[in-house]
Amino acid sequence: PLSGSVQTPDALLFGRVFKDLQLQLHSSAQGLQVQASGPTLAGSLNLPDDLQRAGITANLKRLYWPAESAGASGTPAAAAPMAAVNPASLPPLHLRVDDFHLGAAQFGSANFQSTPIAGGLRIDQLDSHSPNVSMRAQGNWMGDAQNNRTQMNIEFSAADLGHMLEALGYQNLVAGGR
């Protein structure tokens, strides 16, 4: 078994910068385990030897996915890195996050489950729950690295529309839930 650690002030993951990230890596007969610790990303990741069958499992305490940053000229950064991913090449994904933020949007706890299918990836479950908004979604991500598309059925629910919009990053659009 091998083990090691990495610490960086700026980790670039899928085109986004995660600050002050520490990674502990441990290999075993079952695969590679990664423990992440930082202000925007913390938790464990399991990459089994039989990746295409067992898939990637992540149990994260927090994932604060940074908003797209602007380039030096003030223009948006390069095209989304996930746009160049071939969804049919991905293994099953099993992700659980206790505290998930996507830019300014606060989704609370989140769960994502996917299964490879012919020509893409089936999103079996994408759920999130917070005091202000709940979301349930499923769908398909189809195509290849040059031409892919996502079709989703998404259901949002909230007791107060104003609080839901604030949780999604839209401040002061609705007052008093209306």
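The values are calculated or read from the model by the stated rules, or taken from the named source; none is laboratory data. Since this is a predicted model, take the numbers as computed values, not measurements. With ideal geometry, Cβ positions are generated from the backbone for all residues, glycine too; neighbour counts draw on all protein chains shown.
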(request) Specify the residue that is modelled with the highest pLDDT; the eligible residues are those in the stretch 30-58 that are within 17 Å of His101 (Cα to Cα) and touching a His at 6+ places or on another chain (Cβ under 9 Å). (result) Ala58
(request) List the number of the failed condition for Leu126; all other conditions in (1) buried (at least 17 other Cβ atoms within 10 Å of the Cβ); (2) assigned to a loop (DSSP other than H, G, I, E, B) hold. (result) (2)
(message) For the stretch 131-172: of the residues being in contact (Cβ under 8 Å) with a residue 12 or more places away in the chain and part of a helix (DSSP H, G or I), which is nearest to Ser89 (Cα to Cα)?
(response) Ala167
(message) Quick check on the stretch 59-68: of everything there that is surrounded by 16 or more Cβ atoms within 10 Å (Cβ to Cβ) and modelled with pLDDT of 95 or more, which residue is nearest to Pro1 (Cα to Cα)?
(response) Leu60
(request) Just give me the residues in the stretch 12-31 being under 16 Å from Leu63 (Cβ atoms) and not β-branched (Val, Ile, Thr), in sequence order. (result) Leu12, Leu13, Phe14, Gly15, Arg16, Phe18, Lys19, Asp20, Leu21, Gln22, Leu23
(request) Mind counting the residues in the stretch 1-50 that are closer than 24 Å to Ser109 by Cβ, surrounded by fewer than 15 Cβ atoms within 10 Å (Cβ to Cβ) and touching a Pro at 6+ places or on another chain (Cβ under 8 Å)? (result) 3
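So in the stretch 91-116, with the set limited to residues that are of a type in the set (A, V, I, L, M, F, W, C) and modelled with pLDDT under 95, which one is farthest from Ile154 (Cα to Cα)?
The qualifying residue farthest from Ile154 (Cα to Cα) is Ala104.
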(message) Could you check the stretch 7-51 and list, in sequence order, the residues that are within 21 Å of Pro92 (Cα to Cα), of a type in the set (S, T, N, Q) and either within 19 Å of the chain's Cα centre (by Cα) or in the same structural domain as Arg122 (by TED's automatic domain parsing) (or both)?
(response) Gln33, Gln35, Ser44, Asn46
(message) Let me confirm something: among Leu102, Leu121, Leu126, which residue is in contact with a helix residue (DSSP H, G or I) (Cβ under 8 Å, 6 or more places away or on another chain) and closer than 21 Å to Leu60 by Cβ?
(response) Leu121
